[in-house]
Amino acid sequence: MIWNTILLALREIRRNVLRSFLTVLGIVIGVAAVIIMVTLGGGVTVKVGDQISSLGSNLLIITPGKRMGPGQVSGAGPFKIEDATAIAREIPGLAGVAPMSSRAMTVVFGNQNWSTMVSGITDDYFSVRGWAVQSGREFNASELRSGAAVCIVGATVQTKLFGNQTAVGNRIRLQKIACEVIGVMEAKGQSTMGTDQDDLVLMPLRTFQRRIAGNTDVNMIQVSAQKGVSTEKVQRDIERLLHELRHIPANSENDFNVMDMKEITKMLTNTTKVLTGLLGAVAAVSLLVGGIGIMNIMLVSVTERTREIGIRMAIGAMEREVLLQFLVEAIVLSSFGGLIGIVLALVGSFAIASALSVPFIFNAQIVLIAFLFSAAVGVIFGYFPARKAARLDPIEALRHE
Amino acid sequence: MSAQPTAFDAPLIELSGVTKSYGSGSASMQALRGVDLTIHQGEFVAIMGASGSGKSTIMNIIGCLDTPTTGSYRFKGIAVEQLDRNQRAQLRRYELGFVFQGFNLLSRTSALENVELPLIYRGLPNAERRQLALNALATVGLNGWASHTPSELSGGQQQRVAIARAIVTQPAVLLADEPTGNLDSARSVEVMEMITRFNQESGITVVMVTHEPDMAAFASRVVHFHDGLVASDKRQAGVAS
Ligand SMILES: Nc1ncnc2c1ncn2[C@@H]1O[C@H](COP(=O)(O)OP(=O)(O)OP(=O)(O)O)[C@@H](O)[C@H]1O
Ligand SMILES: [Mg+2]
């Protein structure tokens, strides 16, 4: 009997293809919206995580000054190279300690010039950031020790100043000093915050301090913990050590800041997850609206089809068969809408994901949930009209014009 | 099977003291005012009477679509007024075939699907259902019209689809409320000959409402209604017999 009822329902849907399609449009859009939101949200979360971990695994960044808010730092004395050596010596479980000092400058090659960020670094920089040169070489020990006039450029600087020609072996000018390019870094692309990570020039820290900054300051120390070492513990250890080195009174706040990139990753991915949930919820409301649309059309169709219902009953249809027919019609309609929505959503999120260069991550769970939800919408919003149809009096229904 | 009832047959349809009132209080009116009527297996009964005399009302009661206000209706000995909606639906499904005055076909539905409908409710398998429906359409002379929808058929063809739908289940009783009401006289005679054939060849009991004496002449018995009561009840030799 169920099969026969489904047959009747399918016939009815086929008879009204256009109306059936318009009826389920709400469901189609609702299901597609939910799946697209959640799929893209998942992709963004993964991408954010990837980008941050591309900064280097187990990375901690130490900067002078209190954290006042995003990007704002109150005046506080910079670090010295001794702070970095003390950290390397005193703190257990570190893979590398990379002190650096930076300044925005214009670099010149021939008649090309380009404003970029120039940083003085030590050899730990490459391992701490998990970043390597693509062509040329890293600084050697004697260049680092003596402060030789050599530099390594990022991919952006390479293209802006040298175009297709290789930068390695050429000399670029940084204010008063001329410096030989000995390497080009691997391209890293945009960071999560949208800044170009390849727009930089690196030189030995000593060269930077002597020839550019004219002091022995260190603006930032990047530290990487060994695998399996708790970054929370490293963070606490560094805070305690610097507290001591910088002679900060026991009960006053630190004038430096140790950021654990893992926490930032967690924070950012949590934020995108919350956003995904929120967008998904908004989309779910549209699914609900789609359900109400189905109920509306089904109610209209019960009135429109009163005579038909009368005929069916006169021929011998029982109450529950009429009920079942309308219910099955609603469920078939809404799950059909759900299926169309799923196909649309998968195609759509694939297209949008590649347009936004976000990974496309197929989320079987949300597809299943959306489908079941659409079928449930059919049951819930189909029941009321179906019951109305089933309760009709056959004679009254037959009289209906 | 004999078209003539014998004295020992249990009546197929037994109405006694049936009344039907519509409305309530001062607005109330009695459509039936105490009808006694007994119809045996194999009879061909024509019901006649003025408009408003209660013919359709009694048909609806016989067809288990409606229940008497007072009085009793026994179908094959079963007290119909004691059945619930679903049990009456079962009786309609398995025992009765209805041909309505206004055809009452499902619109935008092919002739075949219309005729299949009662078989679907009987739960017949696909192939058998299709074959029976095609046979019924052939019986009413609609070979080759199976895929046409009512709007693509003439009035006479629609009425024949309605008849095919009523007889496809081989019901015990065929109830026809003015089956020729919308047809010209040539078509009417065709339909009447068809109904007579079902009555005589398949032994289907026929109860038919008509205004036209020419059509009533096909029946073996004519019952006149007047003002909600049976005014006369005469046996006759049917035209075809
Ligand atoms: N649902 C109803 N509500 C109120 N009155 C009704 C209803 N059905 C029938 N009647 C009344 O009952 C009376 C008998 O109606 P019925 O339909 O049985 O007449 P009929 O003999 O079939 O007439 P016709 O030849 O015109 O079809 C009529 O006066 C009609 O107005
Ligand atoms: Mg009538």
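The values are calculated or read from the model by the stated rules, or taken from the named source; none is laboratory data. These numbers were taken from a predicted model, which means no experiment stands behind them. Cβ coordinates were reconstructed from backbone atoms using ideal geometry, including for glycine residues, and neighbour counts include every protein chain displayed. Note: areas computed on protein heavy atoms with side chains; ligands, DNA, RNA excluded. Shrake-Rupley method; radii C 1.70, N 1.55, O 1.52, S 1.80 Å.
Computed values, structure above
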{"read-out": "Members of region B:65-79 that are more than 16 Å from ligand 2 (Cβ to nearest atom) and either touching a strand residue (DSSP E or B) at 6+ places or on another chain (Cβ under 7 Å) or open to solvent by less than 50 Å² (accessible area, probe 1.4 Å) (or both)", "value": "B:67, B:68, B:69, B:70, B:71, B:72, B:73, B:74, B:75, B:77, B:79"}
{"read-out": "Subset of region B:42-64 [more than 9 Å from ligand 2 (Cβ to nearest atom), of a type in the set (Val, Ile, Thr) and either without any contact (Cβ under 8 Å) to a residue 60 or more places away in the chain or out of contact with any helix residue (DSSP H, G or I) (no Cβ under 6 Å at 6 or more places or on another chain) (or both)]", "value": "B:45, B:58, B:61, B:62"}
{"read-out": "Failed criterion for residue B:196 (all others in (1) under 15 Å from the mean Cα position of the chain (by Cα); (2) hydroxyl-bearing (Ser, Thr, Tyr); (3) under 16 Å from residue B:49 (Cβ atoms) hold)", "value": "(3)"}
{"read-out": "Selection within region B:106-139 - in a helix (DSSP H, G or I) and of a type in the set (D, E, K, R)", "value": "B:113, B:116, B:122, B:128, B:129, B:130"}
{"read-out": "Residue in region B:80-89 that is open to solvent by less than 20 Å² (accessible area, probe 1.4 Å), within 12 Å of another protein chain (Cβ to nearest Cβ) and in contact with a helix residue (DSSP H, G or I) (Cβ under 8 Å, 6 or more places away or on another chain) present", "value": "yes"}
{"read-out": "Positions within region B:190-241 being assigned to a loop (DSSP other than H, G, I, E, B), of a type in the set (Ser, Thr, Tyr) and either at pLDDT 90 or above or within 15 Å of ligand 2 (Cβ to nearest atom) (or both), in sequence order", "value": "B:210, B:220"}
{"read-out": "Residue match in region B:141-161 (condition: in contact (Cβ under 8 Å) with a residue 12 or more places away in the chain, part of a helix (DSSP H, G or I) and closer than 26 Å to residue A:2 by Cβ)", "value": "no"}
{"read-out": "Complete set of residues in region B:49-67 that are more than 10 Å from ligand 1 (Cβ to nearest atom) and in a loop (DSSP other than H, G, I, E, B)", "value": "B:63, B:64, B:65, B:67"}
{"read-out": "Leading residue by the ranking (farthest from residue A:191 (Cα to Cα)) among those in region A:243-270 that are among the acidic types (Asp, Glu) and assigned to a helix (DSSP H, G or I)", "value": "A:244"}
{"read-out": "Search result, residues across region B:111-156 that are among the polar types (S, T, N, Q), open to solvent by 20 Å² or more (accessible area, probe 1.4 Å) and facing chain A (nearest Cβ under 10 Å)", "value": "B:126, B:149"}
{"read-out": "Positions within region A:306-327 being in a helix (DSSP H, G or I) and either without any contact (Cβ under 8 Å) to a residue 60 or more places away in the chain or hydroxyl-bearing (Ser, Thr, Tyr) (or both), in sequence order", "value": "A:306, A:308, A:312, A:315, A:327"}
